Structure formats: C-alpha cells, structure tokens
Amino acid sequence: MDDPTPSLDNPTDAQLMQRMANDDVRAFDVLLTRHQTAVFHFIRRLTGNASQAEDLTQECFLRVWRARGSYLPTAMFRTWIFTIARRLALDAAKSRRVEILFLEEEPFPAASNSAGESDPHHMAERRELACILDAALDRLSPDLLEVILLRDVEQMSYDQIASIVGCPLGTVKSRLNAARTQLRSAARNWFEAER
Amino acid sequence: MNLDNDNDCNAVLAELSAYLDGMLPEDRTERIEQHLAKCADCRTERDRLEIVMQELAQLPRSEPSPDLRRRLLAHAEAEVVFERTEVVMVQQGSSRFIHRQIVPAPASPEPAAESSAGSEARTIVSYQSSRESTTTPYRRIIHRP
C-alpha cells in the first residue's frame, strides 16, 4: 500500500487506480493532485527544461490513465510512476543531447517561510545554501542526479530507488554517497564561512 | 583529518551517506560511531552531510502550470467518451450512413445486441468490438430494407 492510513476520504493510490479502471475521472484528478508536482519536478530536474518537462509529465500521466485497466494493485504506485517518468526523461534527453548543452536558466523558486525560521539572517544564509545546492544538482551526472532526487527530495527507500533505476542496492548506496559528497564539496565555502 | 587515522577516515567517509540513512549493518554502524566519537573532522563532515540532506528535502519544487491538470482531465474525459462511443454503419437500400451513440458505463449490464441498436434498426448483420476490430471501425453494421 502506498498510503499508511487509507480511508474513504483519503483513498490509497491503488484504490484510486481501481476506481479509474471503471473510468472514474475524478479518481484520476485526485491522483494528479497528489503526484503531478513531484513527477514534474523530477522530470524537470532530469531534463533541465520546464516546457519539455510539462509535455513529458502529461505523457506520463496519460500512460497511467491508459494503463488503468491492467494495473495490478500489488504494484507500488509511486515506484511505477517514477519508473515511467524516468524512462520518458532519459529517452527525451537522448534525443536532444545537443540542446541540453544550452539548458534554460530558470529563476530559483522562492523558498517557503516555514515555522521556526523567522530570523532573516538565518533565512538569507539558508537561501544561499539552497541556491548553491540547486546549482550543484544541475552539475551532477544523470546517474547521480536521479538517485539523489529520489532519495533526498522524494524520500524513497533504497529498494524503491533500485527498482526505479534498475540497479543493485549497492550501486544505489555508492551513487548516493558520490552525489552527496559532490554537493557537500560544492557547499564547502558556505560551510567554512559558517564556522 | 587525523593523519594517523587517514585510512579509518576514508573508510568512514565512504560509508557516511549510508550510515546517515540507517542502511549499514550493526557492526559497521558501531565502528563508524566509535570513529566519530574520537574524530572531530569526520564529525564535521557528518554534520555537513546532514545539513545538505536536510536542505535538499526542503528545496522548493518547481510546479507545473495549472493548465496541465486541466488538459489531462480533458484528455481522460475525451478518451472515456471515445471508448464508449459505438459507431454503427447503417445500410438502407443503396445508401449508407454512420450513427454514433454512447454506450452506458461498464457497471450497467451489457444490453442485448438487438435492443441496443435502437428502434430504427431492423436487422443486425454483424457485431464487432471497437477495441478488437481490425477490418472495420464499425462495431455494428445495420442493414435496413
């Protein structure tokens, strides 16, 4: 099950897929609201292009909709949809390698002001670190980028990541370590200034 | 980094990420904790890695345009209508015309072929599922005298 506490008001992804198998478009709407931002963000990071990411996210969810009749409730929905999203992003990247050299520059999204972060100086420092990490993510190789997005942004388990990426658990571990080490190195100056 | 413990430090740093995720076996976790207790440099690296991981989890996500949801729902609606649309070809004398009608939702019992043809149809010569049809797009061909 994808959701720990399913209820009538909060159906699991598998329950929504079952309703979609009966052509329930409202169930599809709930699924979209639940996952579209995560899927879009993942694809945008992998492709580096927002407009292409939007097209691929649309394709990804259309595939989900069209597979509604054959979906097995035993399959972990998030793992499945991120597998589709990853494949679409990689295929698109292969077909536009030259364009990728000219990644569009997008403004860094404004961070939300979460509780306990009212100190403007602290917020400014954290925002600086966020910008550094955001830029460092763009410099990671696709192999490292996808595992760190799935782990540290999507909070997936190593098993789920291994399944999505199609590699052994040990490879997930070593790629994660390499990715995090690169990000930590990118932020070294920021850390030194913090001391 | 403590030069005497360079090898220890390298081994610990190589596993720090998995350690913070709780993905190491008990004996290796214990060894890393023993090393961290006595190595300030590795503790610093651990703290930095933790901050990086926390910050990544809080990075703002880019949002798709609000139009995406609207487009997808419209696609889904249209596909349902398309899949439930029955296209019949009616042959009356020497002229033919096409008739489209929406088939009820799957929950309702499948109507008998003749009754679903409507009162206009006199004879049903053939019936094909639109999803399986390979030779003609028409689910039914109705011949009228």
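Tell me, what ³J(HN,Hα) does each residue in segment B:75-86 have, in order and in whole Hz, if you take phi through Karplus 6.51 cos²θ - 1.76 cosθ + 1.60 with θ = phi - 60° and put x for Gly and Pro?
Once rounded to whole Hz, the list reads 4, 4, 4, 5, 5, 4, 4, 4, 5, 8, 7, 9.
Would you mind getting me the FRET efficiency between A:Ser95 and B:Gln91? Use the beta-carbon distance for r and R0 = 45 Å, nearest 0.05.
About 0.45, to the nearest 0.05.
Going 7 Å from the Cα of B:Ala40 toward and past its Cβ, which residues in segment A:172-195 have a backbone nitrogen under 16 Å from where you end up?
A:192, A:195
Please report, in whole Å³, the volume per residue of the convex hull around the C-alpha atoms of segment A:117-195.
Looking at segment A:117-195, the number lands at 94 Å³ per residue.
Coordinate-derived values only; no laboratory data. Just so you know, these numbers come straight off a predicted model, no measurement behind them. No Cβ is skipped: glycine too gets one built from the backbone with ideal geometry, and neighbour counts run over all protein chains shown.
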